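A.B. asks: Have a look at this one.
The values are calculated or read from the model by the stated rules, or taken from the named source; none is laboratory data. Not measured: the values here are computed from a predicted model. Backbone-built Cβ (ideal geometry, glycine too); neighbour counts: all protein chains shown. Ligands, DNA and RNA are stripped out before the accessible areas are found, and what is left, the full protein with its side chains, is counted by its heavy atoms. Shrake-Rupley method; radii C 1.70, N 1.55, O 1.52, S 1.80 Å.
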Amino acid sequence: QVQLVESGGGLVQPGESLRLSCAASGSIFAVYTMGWYRQAPGKQRELVADITRGGSTNYADSVKGRATISRDNAKNTVSLQMNSLKAEDTAVYYCNADISRSLTSMSSAYWGQGTQVTVSS
């Protein structure tokens, strides 16, 4: 079993900051790319940012300059710091990780349960 548990969502006002965290646990051999996705009501799930095991990052254009993704490989955690939040950042944010469970098995994508972020005055 592999679990991804997110924390840090909530209600914030426009212009404020928020930090999301996600921890992977369970039967894990290696964690490869980790990332954050979000899904707003009536919209498709979209990539916010991801980070490789080596630390290379990728951001959606909509959050470039406002978001910073980081990870701790020793703890199998990934965090997303978002600043200058806007109403359009309101969504359920999901943690995603590409994880292999043994030396000989291929990796699979795992998802967290999601955490709500609401940006409103």
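A.B. asks: Does region 60-100 classify as rounded, prolate or oblate by the C-alpha gyration tensor (a ≥ b ≥ c root eigenvalues; a/c under 1.5 gives rounded; else a/b over b/c gives prolate, otherwise oblate)?
C.D. replies: It comes out prolate by the Cα gyration axes.
A.B. asks: Quickly rank 103-114, 29-40 as a protection proxy: mean count of other C-beta atoms within 10 Å, highest first.
C.D. replies: 29-40, 103-114
A.B. asks: Which whole-number value in Å² is the accessible area per residue of the chain, probe 1.4 Å? Don't jump to the answer; show the numbers that get you there.
C.D. replies: Values: 6420 Å² over 121 residues.
Using a 1.4 Å probe on heavy atoms only, each residue of the chain averages 53 Å².
A.B. asks: Would you kindly give the portion of the calculated P(r) for region 1-58 that falls above 12 Å, as a percent of all Cα pairs? Don't jump to the answer; show the numbers that get you there.
C.D. replies: Details: 1258 of 1653 pairs.
Beyond 12 Å sits 76 percent of the P(r) for region 1-58.
A.B. asks: Under a 10 Å cutoff between Cα atoms, tell me which one of 13, 44, 81 has the largest fluctuation in the Gaussian network model of the chain.
C.D. replies: Maximum among the listed residues: 44.
A.B. asks: Still on this model: Quick one: pull the percent of accessible area on the chain belonging to carbon and sulfur, 1.4 Å probe, ligands and nucleic acids left out.
C.D. replies: 47
A.B. asks: Rounded to the nearest 20 debye, what is the charge dipole size of the chain about its Cα centre when +1 sits on each Lys and Arg Cβ and -1 on each Asp and Glu Cβ?
C.D. replies: Approximately 120 debye in magnitude.
A.B. asks: Still on this model: Against the empirical 2.2 N^0.38 Å scaling, what ratio does the C-alpha Rg of region 38-121 come to?
C.D. replies: Working: Rg = 14.1 Å, N = 84, 2.2 N^0.38 = 11.8 Å.
Here the answer is 1.19, to two decimals.
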